[in-house]
Amino acid sequence: MLVESRAPVRVDFAGAWTDVKPFFSAFGGATLNAAIALYVRGRLATGRHAEGEAQLQVHYETDVPAGSGLGTSAAMNVVWLSLARGTPIRDLRDREELAESAYRIEKVLGIIGGKQDQYASAVGGINLFEFHPDEAVTTNPVRLPPEAVSELESLFLLVYTGKSRLSSHIHEHVWGAFREGKREVVDALLTMRDSAYEAREALLHGDWGRFGEILTLQFECAKKLHHTTTSPDIERLFGALSDLILGGKPCGAGGGGCVLFLCKSPEAKAEGERKASEMGFRVYPFKFDFEGLTVRVEE
């Protein structure tokens, strides 16, 4: 039997951190993110040797490195589970169950993190995910007209700093401060959660200026969580591109990895790509992915 799976990684727009249990179990969380056409791929083949012994081969490959802030590890876990299950995807519930299982595996392994990456990878598209205190998750698709999708793709600039980071270390700092009840941290998290809803409205109304402001607000709030959510490279990038962008934020937990910018125009994006490349950073062009996890099974 041959099973081949593919799952997209994601860019997150607003509400990061609020998908983590210490927060959503107390306040409920919300994130707005989008799956993008950069993938984790997996292949599982089973059969028998000529001698009759069972044979199992598993292979993975990724379009982006681990530690990029794009949810690569979560996408890989979603792919692994789909290979192990060995059946095609049936419906949204199927996708959500795989996402939740991938999240729970990470908890068993002691990985500190949230749920948004697994759900984005399994479901695909642009979604506002709500994380409830009882651990239920609600998927709210954000359906944009094709012309709006194309315009956003022409304005988004994704830059990889070349320096991965272990998000669990940043999470340890943030949740330690949260449990101590530090007001600045709690207020920043509440602002990030609420801004996910504001960002959805900005998308639906095509208000890119407001959407860019909300992206930058995420970065400002993240720095209030802990100083390790930024880095000298990230600050240099923002400084170099400030005249070209409507807003931007580091992806995921920050501290390294990728930075997402919303540029003022396609021409500004081209100039931003040039500047980022001259600074020694890598640009990842992308389009949105509206398929999510795909699984092909061949008996």
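The values are calculated or read from the model by the stated rules, or taken from the named source; none is laboratory data. Values in this document were obtained by computation on a predicted structure and should not be read as measured data. Cβ: placed from backbone, ideal geometry, glycine included. Neighbour counts: every protein chain shown. These area figures cover heavy atoms from the full protein model, side chains too; ligands, DNA and RNA do not enter into them. Shrake-Rupley method; radii C 1.70, N 1.55, O 1.52, S 1.80 Å.
Counting only residues that are hydrophobic (A, V, I, L, M, F, W, C) and out of contact with any strand residue (DSSP E or B) (no Cβ under 9 Å at 6 or more places or on another chain), how many does segment 44-80 have?
Selection size over segment 44-80: 2.
If you check Phe238 against the conditions, is it under 29 Å from Glu96 (Cβ atoms) and aromatic (Phe, Trp, Tyr)?
No; evaluated as a whole, the condition is false for this residue.
Conditions tested, residue by residue: (1) out of contact with any helix residue (DSSP H, G or I) (no Cβ under 8 Å at 6 or more places or on another chain); (2) more than 22 Å from Ile105 (Cα to Cα).
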{"position": "Glu53", "(1), (2)": "yes, yes"}
{"position": "His59", "(1), (2)": "yes, no"}
{"position": "Thr62", "(1), (2)": "no, no"}
{"position": "Ala66", "(1), (2)": "no, no"}
{"position": "Ser73", "(1), (2)": "no, no"}
{"position": "Met76", "(1), (2)": "yes, no"}
{"position": "Leu81", "(1), (2)": "no, no"}
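Six or more apart or on different chains, Cβ under 8 Å: which pairs go from a residue in segment 27-42 that's at positive phi to one that's in a strand (DSSP E or B) and crowded, with 24+ Cβ neighbours inside 10 Å? Could you list them?
Pairs found: Gly28/Phe131.
Going residue by residue through segment 272-289, is there one that turns out to be polar (S, T, N, Q), open to solvent by 10 Å² or more (accessible area, probe 1.4 Å) and not in a helix (DSSP H, G or I)?
For segment 272-289, residues polar (S, T, N, Q), open to solvent by 10 Å² or more (accessible area, probe 1.4 Å) and not in a helix (DSSP H, G or I): absent.
With Ile89, Ile105 as the choices, which residue is open to solvent by 10 Å² or more (accessible area, probe 1.4 Å) and closer than 13 Å to Gly292 by Cα?
Ile89
Which is in a strand (DSSP E or B), within 28 Å of Leu225 (Cβ to Cβ) and β-branched (Val, Ile, Thr), of Ile105, Ile36, Ile111?
Of Ile105, Ile36, Ile111, the one residue that is in a strand (DSSP E or B), within 28 Å of Leu225 (Cβ to Cβ) and β-branched (Val, Ile, Thr) is Ile36.
Just checking: which of the helices (runs of 4 or more DSSP H) contained wholly in segment 116-210 hold 2 or more residues that are modelled with pLDDT of 95 or more and open to solvent by less than 30 Å² (accessible area, probe 1.4 Å)?
Ranges flagged: 116-123, 146-155, 183-204.
Here's the yes/no breakdown for (1) in contact with a strand residue (DSSP E or B) (Cβ under 9 Å, 6 or more places away or on another chain); (2) among the small types (Gly, Ala, Ser); (3) more than 26 Å from Gly110 (Cβ to Cβ):
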position: Thr161; (1), (2), (3): yes, no, yes
position: Ala188; (1), (2), (3): no, yes, no
position: His205; (1), (2), (3): no, no, yes
position: Glu213; (1), (2), (3): yes, no, yes
position: Phe219; (1), (2), (3): yes, no, yes
position: Ala222; (1), (2), (3): yes, yes, no
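Would you confirm whether or not segment 61-70 contains a residue that is open to solvent by 10 Å² or more (accessible area, probe 1.4 Å) and over 19 Å from the mean Cα position of the chain (by Cα)?
Checked against the condition, which is being open to solvent by 10 Å² or more (accessible area, probe 1.4 Å) and over 19 Å from the mean Cα position of the chain (by Cα), segment 61-70 yields no hits at all.
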